[in-house]
1. Mind checking which residues of region 44-63 are under 13 Å from residue 98 (Cα atoms) and either modelled with pLDDT of 90 or more or assigned to a strand (DSSP E or B) (or both)?
2. Any residue at all in region 64-85 that is without any contact (Cβ under 8 Å) to a residue 60 or more places away in the chain and assigned to a strand (DSSP E or B)?
3. One residue is enough: does region 6-24 have a residue meeting the conditions at pLDDT 90 or above and outside any helix (DSSP H, G or I)?
4. Inside region 56-70, can you point out the residues that are closer than 15 Å to residue 34 by Cα and in contact with a helix residue (DSSP H, G or I) (Cβ under 9 Å, 6 or more places away or on another chain)?
5. Residue 101: at pLDDT 90 or above and within 18 Å of residue 7 (Cβ to Cβ), yes or no?
6. Looking only at region 86-106, which residues are in a helix (DSSP H, G or I), in contact (Cβ under 8 Å) with a residue 24 or more places away in the chain and surrounded by fewer than 18 Cβ atoms within 10 Å (Cβ to Cβ)?
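The values are calculated or read from the model by the stated rules, or taken from the named source; none is laboratory data. Remember, it's a predicted structure, so these values are computed and weren't measured experimentally. With ideal geometry, Cβ positions are generated from the backbone for all residues, glycine too; neighbour counts draw on all protein chains shown.
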């Protein structure tokens, strides 16, 4: 079910040209896909799975598996999806940061 997320993490971590964007940024991301919760941590070393959420998440993305897969494949923009398709909670700068990683990593 989360194979597309594994694939995205591997692709992003291989893209050394994206690392400068992470130098001064750390981001906890919670993905809620149906009944599944997935915790990610993004920092200067790359994107990593976390076994559980430590502290408060900076960004929460809640949607169906189909919508999440389109996002993580870079075929949809996070900020252009209607609220009926995805629930996004977090600071706007974190949303834009995540959107840029999703689009640039394709």
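1. 46, 47, 59, 60, 61
2. Checking region 64-85: not a single residue is without any contact (Cβ under 8 Å) to a residue 60 or more places away in the chain and assigned to a strand (DSSP E or B).
3. Looking through region 6-24, none of the residues is at pLDDT 90 or above and outside any helix (DSSP H, G or I).
4. Of everything in region 56-70, those that are closer than 15 Å to residue 34 by Cα and in contact with a helix residue (DSSP H, G or I) (Cβ under 9 Å, 6 or more places away or on another chain) turn out to be 61, 63, 65, 68, 69.
5. Criteria not met by residue 101.
6. 95, 100, 103, 104
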